[in-house]
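Asks: Below is one structure. I have some questions about it.
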Amino acid sequence: MFFKFLPKEFNFFDLFDKQVKTAVDAAVFFREIVAKNSLDDAAIEKMKDIEHQGDSIAHDIIEQLNKTFITPFDREDIHALTVEIDDITDMIHTIVNRLKVYKLPPNDKNLVKFAVVIEQSIRAVELAVNGLRKHKNLNLVTEACVEIKRLENVGNAMRDETLGELFEKVKDPLLVIKWKEIYQDAETVLDICEDVTHIVGSILVKQA
Amino acid sequence: MFFKFLPKEFNFFDLFDKQVKTAVDAAVFFREIVAKNSLDDAAIEKMKDIEHQGDSIAHDIIEQLNKTFITPFDREDIHALTVEIDDITDMIHTIVNRLKVYKLPPNDKNLVKFAVVIEQSIRAVELAVNGLRKHKNLNLVTEACVEIKRLENVGNAMRDETLGELFEKVKDPLLVIKWKEIYQDAETVLDICEDVTHIVGSILVKQA
Amino acid sequence: MFFKFLPKEFNFFDLFDKQVKTAVDAAVFFREIVAKNSLDDAAIEKMKDIEHQGDSIAHDIIEQLNKTFITPFDREDIHALTVEIDDITDMIHTIVNRLKVYKLPPNDKNLVKFAVVIEQSIRAVELAVNGLRKHKNLNLVTEACVEIKRLENVGNAMRDETLGELFEKVKDPLLVIKWKEIYQDAETVLDICEDVTHIVGSILVKQA
């Protein structure tokens, strides 16, 4: 029957839900990592696995997108959304990798604070992305986007305070270089989450 | 009457003019900031206001774009132009914020030089963007783009000289880290202005 | 005759081949640079020439793209591919420029290793881009992309090891700042090469 060959539109929603779940996994695991004072090979390996899983789903979405003629929303929005969600997981992976390369103890009080806000923000991203599927969830999506924006502001203030303190208190320049990069990466995760809200906003306006 | 519901194309030009005016405001205020040797809360607040204003106009443009079927030039060019102009103001805001977080005196002779070139470049960006509205201004637009490109080269040379001098003369590594980031940000403002010329060029070619 | 005015589709392939050849030139010259212990003005000038040449071809491609109605593959893919290939040459130029500004001896054993991998990766990018022209080269294109991905992983490991060693062994923070930036730039070249494979993948899927 002909409709068997119609593009399965719903696939995109399923794939987006799976992809954003990977970003949540990364955030949850990041919180576990910064709860400990050392970073073993198993943790590095697990983080890498999560990143690979996200990568693979992003790859599926792009391939599906390139093959599908009709999509639930604009092709460019689907592409942009996938790339941003992938960037979230990538950046968390990058932070964990830097902690290892720089031989830093993960359990830093400022990084712990960032990890909490990062998890909150990514859970809000999950709400927003899940909500794209059903039109009735529109309010929920909007609320999630407001929350993500709020958390990005929280992150900005945290980064400023943390960097100010870092330059004030830490006198070893090599240590300053290392932590500065990691704190800025942590804030970048929240920036990327905010970028997601811009794409979600663009999708909502077009469907209004 | 039906035509009342036609998209008001001219809105985009009005909005772009308003948005680029905000970038000019940011540049002018940045020059005021680097003329003084300290950065008070009122200045930080004013800079933040300018950035918010730019943000809000960019948001209006994207929303308008998503709702409008016919646009004066390619949708992707409108989107790209808005994002770049927004990035100009954002980057200036970032520099001012870093001066505060790093507790640096704004009145640095190299930063003053950058502020002058930044204002020149953004005024040329304003000319180019304003000129998109009327076809008769085509030469003016092209001249402005040539000037922006020239100023980006000036900025590159300034950054190289400034960084060379920084590593040569400043022996406190923490101070080097701070100023290096700020000088590179300053040069990035000029890079973003140059990116605007690429989008403007793409618009001109399509309308030729 | 009418067909004289038809868009010359093949132009894009010729232009891409020319552009990617410039990136190869940059990689080859970079290897020559890191083989010597000093960087003279002639080398700086030659590197700048290569970068300008790449820039000029990228400009031609974008202009051609804006004027051409029918293109061999998606407009957005052509645009993205040009930008990425341009970014490769730009980043190599940036590294050479930093070596000069930071007054560093190019002949650093780690940078030499990076230069080898960078050249290998860009030669694979050349194979992939050349192969887009003829459908029969599909396997060759896919193999080249796999190789680029492999070299990106090699580069990641090299960067991690090199940065670990840098913070371990070099005690002068100013030297750490300089080399850290250069090693990260070197790895970025390989990242950009990998970005090319994503665009190539997108082109292949659409033509399947």
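For every residue, the table says whether it meets (1) part of a helix (DSSP H, G or I); (2) at pLDDT below 95; (3) among the hydrophobic types (A, V, I, L, M, F, W, C); (4) more than 14 Å from the chain's Cα centre (by Cα).
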| site | (1), (2), (3), (4) |
| --- | --- |
| B:K171 | no, yes, no, yes |
| B:V176 | yes, no, yes, yes |
| B:K180 | yes, no, no, yes |
| B:S202 | yes, yes, no, yes |
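Asks: On to the next question. Determine which member of the set B:A128, B:A115 is more than 14 Å from chain A (Cβ to nearest Cβ), closer than 30 Å to B:D41 by Cβ, touching a helix residue (DSSP H, G or I) at 6+ places or on another chain (Cβ under 6 Å) and of a type in the set (A, V, I, L, M).
Replies: Being more than 14 Å from chain A (Cβ to nearest Cβ), closer than 30 Å to B:D41 by Cβ, touching a helix residue (DSSP H, G or I) at 6+ places or on another chain (Cβ under 6 Å) and of a type in the set (A, V, I, L, M) holds for just one of B:A128, B:A115, which is B:A115.
Asks: Right, something else. Taking the options C:E143, C:E147, name whichever one is more than 12 Å from every other protein chain (Cβ to nearest Cβ) and over 24 Å from C:I92 (Cα atoms).
Replies: C:E143
Asks: Okay, next question. Only one of (1) within 11 Å of another protein chain (Cβ to nearest Cβ); (2) more than 28 Å from B:E76 (Cβ to Cβ); (3) assigned to a helix (DSSP H, G or I) is not met by C:D77, so which one is it?
Replies: All conditions pass for C:D77, except number (2).
Asks: Next up: From the list A:F73, A:F29, exactly one residue is at negative phi and touching a Leu at 6+ places or on another chain (Cβ under 9 Å). Which is it?
Replies: Of A:F73, A:F29, the one residue that is at negative phi and touching a Leu at 6+ places or on another chain (Cβ under 9 Å) is A:F73.
Asks: Every residue in region A:153-184 that is touching a residue at least 24 places away in the same chain (Cβ under 8 Å), within 14 Å of chain C (Cβ to nearest Cβ) and buried (at least 17 other Cβ atoms within 10 Å of the Cβ), please.
Replies: Selection gives A:K178, A:W179, A:I182.
Asks: Hey, among A:A23, A:A35, which residue is under 20 Å from A:V129 (Cα atoms) and at pLDDT 95 or above?
Replies: A:A23
Asks: Checking C:V101 against (1) touching a Lys or Arg at 6+ places or on another chain (Cβ under 9 Å); (2) away from every other protein chain (no Cβ under 14 Å); (3) more than 16 Å from C:I148 (Cα to Cα), only one condition comes out false. Which one?
Replies: (2)
Listed here are the residues, each with its yes/no results for (1) among the β-branched types (V, I, T); (2) not in a helix (DSSP H, G or I).
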{"position": "B:F73", "(1), (2)": "no, yes"}
{"position": "B:K100", "(1), (2)": "no, no"}
{"position": "B:V116", "(1), (2)": "yes, no"}
{"position": "B:I122", "(1), (2)": "yes, no"}
{"position": "B:E143", "(1), (2)": "no, no"}
{"position": "B:V146", "(1), (2)": "yes, no"}
{"position": "B:R159", "(1), (2)": "no, no"}
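Asks: Related question: Do we have A:A43 as outside any helix (DSSP H, G or I), at pLDDT 85 or above and more than 20 Å from A:A124 (Cα to Cα) here?
Replies: In short, no.
Asks: May I ask you to verify whether A:S121 is closer than 18 Å to A:V20 by Cα, hydroxyl-bearing (S, T, Y) and either surrounded by 20 or more Cβ atoms within 10 Å (Cβ to Cβ) or in contact (Cβ under 8 Å) with a residue 40 or more places away in the chain (or both)?
Replies: Against the criterion (closer than 18 Å to A:V20 by Cα, hydroxyl-bearing (S, T, Y) and either surrounded by 20 or more Cβ atoms within 10 Å (Cβ to Cβ) or in contact (Cβ under 8 Å) with a residue 40 or more places away in the chain (or both)), A:S121 qualifies.
Asks: Here's a check for you: in region A:24-83, which residue that is surrounded by 16 or more Cβ atoms within 10 Å (Cβ to Cβ), small (G, A, S) and out of contact with any Phe, Trp or Tyr (no Cβ under 9 Å at 6 or more places or on another chain) is farthest from A:K103 (Cα to Cα)?
Replies: Here the residue is A:A80.
Asks: Of everything in region A:11-59, what is more than 22 Å from A:V117 (Cα to Cα) and over 16 Å from the mean Cα position of the chain (by Cα)? Give them in sequence order.
Replies: A:N11, A:F12, A:F13, A:D14, A:D40, A:D41, A:A42, A:E45, A:H59
Asks: Can you pull out the residues in region B:84-107 that are in contact with a Phe, Trp or Tyr (Cβ under 8 Å, 6 or more places away or on another chain) and farther than 20 Å from A:E161 by Cβ?
Replies: B:I85, B:I92
Asks: For B:L138, all conditions in the list (1) assigned to a loop (DSSP other than H, G, I, E, B); (2) among the aliphatic types (A, V, I, L, M); (3) over 17 Å from B:L166 (Cβ atoms) hold save one; what is the number of the exception?
Replies: (1)
Asks: Can you work out which of the residues in region B:56-74 that are touching a Gly at 6+ places or on another chain (Cβ under 9 Å) and under 24 Å from C:A80 (Cβ atoms) is nearest to the other protein chains (Cβ to nearest Cβ)?
Replies: Across region B:56-74, the extreme among qualifying residues is B:N66.
Asks: How many residues, within region C:34-59, are touching a residue at least 12 places away in the same chain (Cβ under 8 Å) and closer than 21 Å to C:I192 by Cα?
Replies: Counting residues in region C:34-59 that are touching a residue at least 12 places away in the same chain (Cβ under 8 Å) and closer than 21 Å to C:I192 by Cα gives 10.
Asks: Which pairs turn up if I take residues in region B:185-208 that are away from chain C (no Cβ under 11 Å) and in contact (Cβ under 8 Å) with a residue 60 or more places away in the chain and look for partners that are outside any helix (DSSP H, G or I) and crowded, with 18+ Cβ neighbours inside 10 Å with beta carbon separation below 9 Å, at least 6 apart in sequence or on another chain?
Replies: The qualifying pairs are B:V200/B:L132.
The values are calculated or read from the model by the stated rules, or taken from the named source; none is laboratory data. Note that the coordinates shown come from a computational prediction; the quantities given were computed from them, not determined experimentally. Note: ideal-geometry Cβ built from the backbone for every residue, glycine included; neighbour counts use all protein chains shown.
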